[in-house]
Amino acid sequence: QVQLVESGGGLVQAGDSLRLSCAASGLPVSNRVMGWFRQAPGKEREFVAGISWTGYSTNYADPVKGRFTISRVNAKNTVYLQMNSLKAEDTAIYYCAAREIGYTTIATTREDFRSWGQGTQVTVSS
């Protein structure tokens, strides 16, 4: 079993940038599809971005496309989410997630991810 811990959240103004980190431990994640999800108060958890084993392929939700970048450094067992041009509607708890070993599809539904971090709060003020 792999443990995931997010960090890097905080309170920023609209237009600012943040970089979230997801540190994995217990097991390597180099053979796991990784993703970021977010959940705003009163809303369902939604897909933000996903990345293949080596980072060759990525997938982004439309609201963040062109502003957010997901990346990974497998040697550090870490996944990142660079968030630029932040908007108030980006305010949410952001979660890192991992698929089971061996799966290759960059899934976009929470049911397809088996391991989750505790989340980190991102608040964007107007």
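The values are calculated or read from the model by the stated rules, or taken from the named source; none is laboratory data. In this text the structure is predicted, and so the values were computed from the model without any measurement. Here the Cβ positions follow ideal geometry from the backbone for every residue, glycine too, while neighbour counts run over all protein chains shown. With ligands, DNA and RNA removed, areas are computed over all heavy atoms of the protein, side chains included. Shrake-Rupley method; radii C 1.70, N 1.55, O 1.52, S 1.80 Å.
Things to note:
- Check on Val33, touching a residue at least 60 places away in the same chain (Cβ under 8 Å) and under 16 Å from the mean Cα position of the chain (by Cα): yes
- Residue match in region 83-91 (condition: more than 11 Å from the chain's Cα centre (by Cα), within 17 Å of Gln3 (Cβ to Cβ) and acidic (Asp, Glu)): no
- Residue match in region 102-114 (condition: crowded, with 16+ Cβ neighbours inside 10 Å and in a strand (DSSP E or B)): no
- Qualifying residue in region 16-37 (condition: more than 20 Å from Asp112 (Cβ to Cβ), touching a Gly at 6+ places or on another chain (Cβ under 9 Å) and among the hydroxyl-bearing types (Ser, Thr, Tyr)): yes
- Sole residue being in contact (Cβ under 8 Å) with a residue 12 or more places away in the chain and closer than 19 Å to Gln13 by Cα, chosen from Val48, Val64: Val64
- Within region 5-28, not a single residue is touching a helix residue (DSSP H, G or I) at 6+ places or on another chain (Cβ under 9 Å) and hydroxyl-bearing (Ser, Thr, Tyr).
- Tally of residues being assigned to a loop (DSSP other than H, G, I, E, B) and either within 16 Å of Phe68 (Cβ to Cβ) or open to solvent by 30 Å² or more (accessible area, probe 1.4 Å) (or both) across region 1-15: 5
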